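Working notes, structure below.
What follows draws every value from the coordinates through simple rules; no lab data is involved. Here the structure is a predicted model, which means the values were calculated and not measured. Counting neighbours? That spans all protein chains shown, and the Cβs are built from the backbone with ideal geometry, glycine included.
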Amino acid sequence: MAVSKRFASRAARAINRDSFIHEWAEPGLVLFNGPSDPKPQVRVQDGRIVELDGKPEAEFDMLDRFIARYAIDVSIAPQAMALDPLAISRMLVDLQTPRREVVRILSGLTPARLVEVVNLLNVVEMMMAMQKMRARRTPSNQAHVTNRKENPALLAADAAEAVERGFSELETTVGVARYAPINALAVLIGSQTGRGTALTQCAVEEALGLKLALAGLTTYAETLSVYGTEQAFRDGDDTPWSKAFLASAYASRGIKVRFTSGSGSEALMGHSEGKSMIYLETRCLMAIKGAGSQGVQNGSISCIALPEALPGGVRGVLAENLIAALLDLEVASGNDAMASHSEIRKAAKLMLQFLPGTDFIFSGYSSMPREDNLFGGGNFDAEDLDDYNVLQRDMQVDGGVRPVREAETLQVRRQAALATQAVFRELGLPPITDQEIESAVIARSSTDMPDRDVVADLQAAEEFLQRGRSATDVIKALAQNGFGDIAEKILQIQKLRISGDYLQTSAIVLPGGRVSSAINDPNDYSGPGTGYRLSPERASEINDIPQALDPQRIGVRKADTTPPLLEEVGEAQRSGDPNEVVIAVGPAFGTVLDATLMGLPHQDVLAALIAGVEGEKMKARLVKVHSTSDCGAIGYAGAQLSGSGISIGIQSKGTTVIQRRGLNPLNNLELFPQAPNLTLDSYRVIGRNAAKYAKGEPVLPVPVQIDNMARLKYIVRTTILHLRETEQVDAEKPPHEVRMRTRAKARSSQ
C-alpha cells in the first residue's frame, strides 16, 4: 500500500509524541462516570449525616467519615440535594445568582452531586463559572525558582526577577533535601528585593518544610497531599485527620497553607477503586475543605499527562479547578508541570484558566529555563515570558505578570545576589564569590554559573537549622551590611505572620506590605461591567511590552542638514524617445522617506534600477508621481510618460511593478509585492527586464521569493511607511521630473 507523505510528515509533529489512550473505566482511566461512581444521595438524622451517596454510615471509609463530619453543611444538605442538578448548574453561569448564594447551596452537596452538576457544563460554561466563582477578585500568579547547581546567588537573582515580573508567590525545591535551608534563605532574600513582598515556600518533606516555616525562612506551604481513596491515603502514610493537624500546625504559627491534589493520582497509584478521576478529586477537595484549609493546588499537577491522554482530559482539569472554587477554596490551578510536546496544545490548555482567571493561574510558572526546573519541567518557562506578556496584551487579560526592561532586571538581580553574598558572609556560610555574583546577574541558566563546594554547602545547610538560625538572623545580617530596605521587607513579612492577615482565603501580599484576599477583595462578578476589570494603570502596564515601538517614530528620517535625495526639475512630459524607460517613484520617495521597508537607501535602489536599464543600452528617466500612493497607479502613470511605453513603478517602501502603456491599471508585466524579499540585485534585474521589455526582447521574469511570514513580520512597518507616503499625495499635482543629488553617503530611516 502506498504511504502518504503528508501523513508521514504529520506523524513527526510534536503533538504525536504525546500519549493518547481510549477510556478504560475499571482501573479509573476515565474522567467522569466511572463504573463504581456512586449515585448522589444524602440522609441526615439528628443533625448528622448517616448515609452519603448511597453508603450507610456503618460502611463509611475514612474519607466518607471525614467528609460527612466536616465538609458538608448538614443544615442545608437536604434542601440543596433536593434541587434539580441542572438548575444548580445554571446557577453557576446565571448572572442573577450571586456567588455567595451558589457557595451556600453547594456547601450542602455531596461529592457525587458536585460532580454531576459540573459535568453538565461544557468548557465555555465552566470558564464562565470560574470567572464568577473564584474567591479573590484579582487574578495572580506563582513562579517556580530552582536551579540544578543549587547556586544561592542564582536562586536569589531569579527570585528577585520573578517578583519584579509580578509573581506573588515563589516556590523552590531541592535536588538534595539537605540543601533546603540555604535554598529557602536565598529565595527569601530575592523575594524581598526590588519590588519585593512575595510569599515563598520550599517544597520538601513536610516535617522539614514545617521547620523552615517556623524559622521564618518560608511563609507558605502547599506540600500537604491528599488522595481520594482510603488505600491511596494509607500508602501515603496519612489520614485526613493527620493532614488537618499538620495544616493547623502551620496556620497556628502564621504560615499560609494550601493542600495539593489532582485528578489521576489514585489511578497512578493503582487505587482508583473503579471510580472516575473527577469523582475521586472531588472527594479530595471536600476533605481539604473539611480540614479547614484556605486553598488548594490542583489541576492534575504532576499527573497531568495521564488525564490528558484521555478524551476530555483538559476539560476534566478545568472541572477540578472549578469544583475547588465552588467549595470556596483558593485555587492555584496547575499549569505547572509539562503538559504536552505541542506548543499549540500547551497554550490551548492554559487558556482555560488564563481567560477566566484563577487565584493563581500557575501553581508554578518556571521562571528559569526548563532544564533548571527541579520540579520536572514547567508547562511554560523563562523562554516563554515574552509570549505570555503578549498574550496578556493581545487579550487584555490580567495573567498576573508584568513586562520588565532589561536594565531594571539586571539591577534587581545584582542587588539580590549581593545581599545574599553579604548574608552568607555575615552568618559564616560558605562564601559566594564575586564571580558568582557577576555570573548570576546575566546567567541564562545554572550552566553559566561556576561550581560550588557541594560538601561545604550541604554541611553548612544542616548546621544552619541545628544552630537555631532564623529569619531574625537574616534580617540583622542584611541591616548590618547596607541592605536595610530588604531587611525591612523581610521584617514586615514576619510581622504579617503575627497578624495572620495572609492566612485568609486567597491572600497575597502587595508592595508596601498590604494584604489582598477574598476578604477585602472578594469576587463580585455578576456579568458585564462587574468583577475584575483592568484598571487604566494595569492596562498601561500590560500594554507596555519592551518590544513595542513608538509608531510615530517608524520611518521618520533622521534629522540632518543634508537636503532630500530627489529634487524636482519641472513638470514631466510624455517622451517620444523609444529607448527610454521611466522609473516612476511615489510621492514620499527620496524626500520624506529615504529607505525601503528593509532599510535599503533609496539612493542605492535607484542606482541599481538605473544600472539595470543602462546595462541594456537604454536610458532611465526619473519621475515622481504626486497624485497617488498606489504602486500600480504609480507604474501606470509612468508608462503614460515613457517614450518606450515601459515604466518601473516603485513605492517608497520598495514594492515595485513593471508596467506597459496600454495595459489596464490593475494589469502589469511583472509585480513584486513582497518588498522585504527584494535586494539591490533584485532591483538591478528589474531594471534589466524593463529595458528588455522596451526593446521587445524575450524576458525571463525576475524570480520571486515567497515568504509566507512576510506579512506577519512587516505589516506594521508597511502600514506606517505607506501612511507616510499617502500623507504626501497631492491629487492636483501632476508628475514631475526629478534628479538625484550626489551623495557621499546615503541616509537611513529609523
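Can you work out D for the stretch 343-470 in µm² s⁻¹ from Stokes-Einstein, where Rh is the Kirkwood radius over C-alpha pairs, the temperature is 37 °C and the viscosity is 0.692 mPa s?
Rounded, D is 189 µm²/s.
Which aspartates and glutamates, on any chain, are close to Lys275 with Cα under 12 Å apart, when same-chain ones fewer than 8 places away are left out?
Reachable aspartates and glutamates: Glu26, Asp37, Glu266.
Over what distance in Å are the Cα centres of the stretch 123-165 and the stretch 677-738 separated?
If we compute the Cα centre of each part, the gap is 49 Å.
Diagonalise the Cα gyration tensor of the stretch 566-740 and give the resulting equivalent ellipsoid semi-axes, square root of 5 times each eigenvalue, largest first, whole Å.
Working: eigenvalues 98, 75, 39 Å².
So the three semi-axes of the stretch 566-740 are 22, 19, 14 Å.
What are the residues whose amide H is under 5 Å from the amide H of Val257, where those residues sit 5 or more places off or on another chain and H is modelled from the backbone?
Under 5 Å from the amide H of Val257 lie the amide H atoms of Ala221, Gln294, each far enough along the sequence or on another chain.
Within the stretch 474-502, which residues have the backbone N less than 15 Å from the label spot 7 Å out from Leu510 along Cα→beta-carbon, could you tell me?
Only 502 pass the distance filter.
Cross-link candidates for Lys624: which lysines have Cα within less than 23 Å, leaving aside residues fewer than 8 places away along the same chain?
Filter leaves Lys558, Lys653, Lys692, Lys733, Lys745.
What net charge is computed for the residues neighbouring Pro673, neighbours being all others with C-beta under 13 Å from the C-beta of Pro673, Lys and Arg scored +1, Asp and Glu -1?
On the way: positive: Lys653, Arg711; negative: Asp630, Glu670, Asp707.
Taking every Cβ under 13 Å from that of Pro673, the sum is -1.
Compute the FRET efficiency between Thr562 and Gln435 as 1/(1 + (r/R0)^6), taking r as their Cβ-Cβ distance and R0 = 41 Å, and round to the nearest 0.05.
Efficiency at R0 = 41 Å is approximately 0.25.
When the helix-only estimate is applied to the chain (DSSP H runs of n ≥ 4, each -39,500 (n - 2.57), divided by the residue count), what is the mean residue ellipticity at 222 nm, nearest 500 deg cm²/dmol?
Roughly -12500 deg cm²/dmol at 222 nm, from the helical runs in the chain.
Note down the net charge around Lys55, summing +1 for each Lys or Arg and -1 for each Asp or Glu among other residues with Cβ under 11 Å from its Cβ.
Numbers: positive: Lys39, Arg43, Arg65; negative: Glu51, Asp53, Glu57, Glu59, Asp61, Asp64.
Within the 11 Å Cβ shell, the charges total -3.
For Lys617 and Arg739, what does the FRET efficiency come to when R0 = 25 Å and r is the distance between their Cβ atoms, rounded to the nearest 0.05? Write out the running numbers ahead of the final one.
Values: r = 21 Å, r/R0 = 0.84.
For R0 = 25 Å, the calculated efficiency reads 0.75.
Can you give me the angle between helix 277-290 and the longest principal axis of the chain, using Cα atoms only, in degrees from 0 to 90, rounded to the nearest 10?
60 degrees
Which residues does a label at Lys495 reach in the stretch 250-264, if reach means a backbone N under 18 Å from a point 7 Å past the Cα toward the Cβ?
Counting only backbone N, you get 254-255.
Quick query: amide H of Glu567 versus all other amide H atoms, modeled in the peptide plane; which residues come in under 5 Å with a sequence gap of 5 or more or a different chain?
Arg739, Arg741
Taking GluC sites (Glu not before Pro) that fall in a DSSP loop and have at most 12 other Cβ atoms within 10 Å as cut points, what is the longest piece of the chain between them?
Maximal segment without exposed cleavage sites: 206-731.
On C-alpha positions alone, give me the angle between the axis of helix 471-480 and the longest principal axis of the chain, in degrees, nearest 10.
Here the helix axis deviates by roughly 50 degrees.
Take the alpha-carbon centre of the stretch 597-661, take the same for the stretch 413-473, and report the distance between them in whole Å.
Spelled out, the Cα-based centre of one part sits 66 Å from the other.
Taking the Cα atoms only, what angle lies between the long axis of helix 152-164 and the longest principal axis of the chain, rounded to 10 degrees?
Its long axis makes an angle of about 70 degrees.
Tell me the net charge near Leu429. Cut-off is 12 Å between Cβ atoms, Leu429 excluded, with +1 for each Lys or Arg and -1 for each Asp or Glu.
Numbers: positive: Arg425, Arg452, Arg467, Arg469; negative: Glu426, Asp453, Asp457, Glu462, Glu463, Asp473.
Summing Lys/Arg as +1 and Asp/Glu as -1 gives -2.
Under 15 Å Cα to Cα from Lys256, which aspartates and glutamates show up? Leave out anything in the same chain fewer than 8 places away.
Straight-distance partners of Lys256: Glu169, Glu171, Glu206, Glu222, Glu330, Asp359, Asp501.
For the stretch 115-157, what is the convex hull (Cα atoms) projected area averaged across all directions, in square nanometres?
Working: hull surface 22.7 nm².
So the Cα hull casts an average projection of 5.7 nm².
Computed from the coordinates I sent, P(r) over Cα pairs in 20 Å bins from 0, in percent equals one of (1) 12, 29, 29, 16, 9, 5, 0; (2) 16, 35, 26, 18, 5, 0; (3) 15, 43, 29, 8, 3, 1, 0. Tell me the label.
Identified label for the calculated read-out: (2).
Output the pairs from Lys211/Lys243; Lys149/Lys349; Lys346/Lys713; Lys132/Lys713; Lys55/Lys289; Lys211/Lys476 with a Cα-Cα distance over 27 Å in this structure; if there are none, say none.
Numbers: Lys211/Lys243 16 Å; Lys149/Lys349 31 Å; Lys346/Lys713 24 Å; Lys132/Lys713 38 Å; Lys55/Lys289 21 Å; Lys211/Lys476 20 Å.
Correct reply: Lys149/Lys349; Lys132/Lys713.
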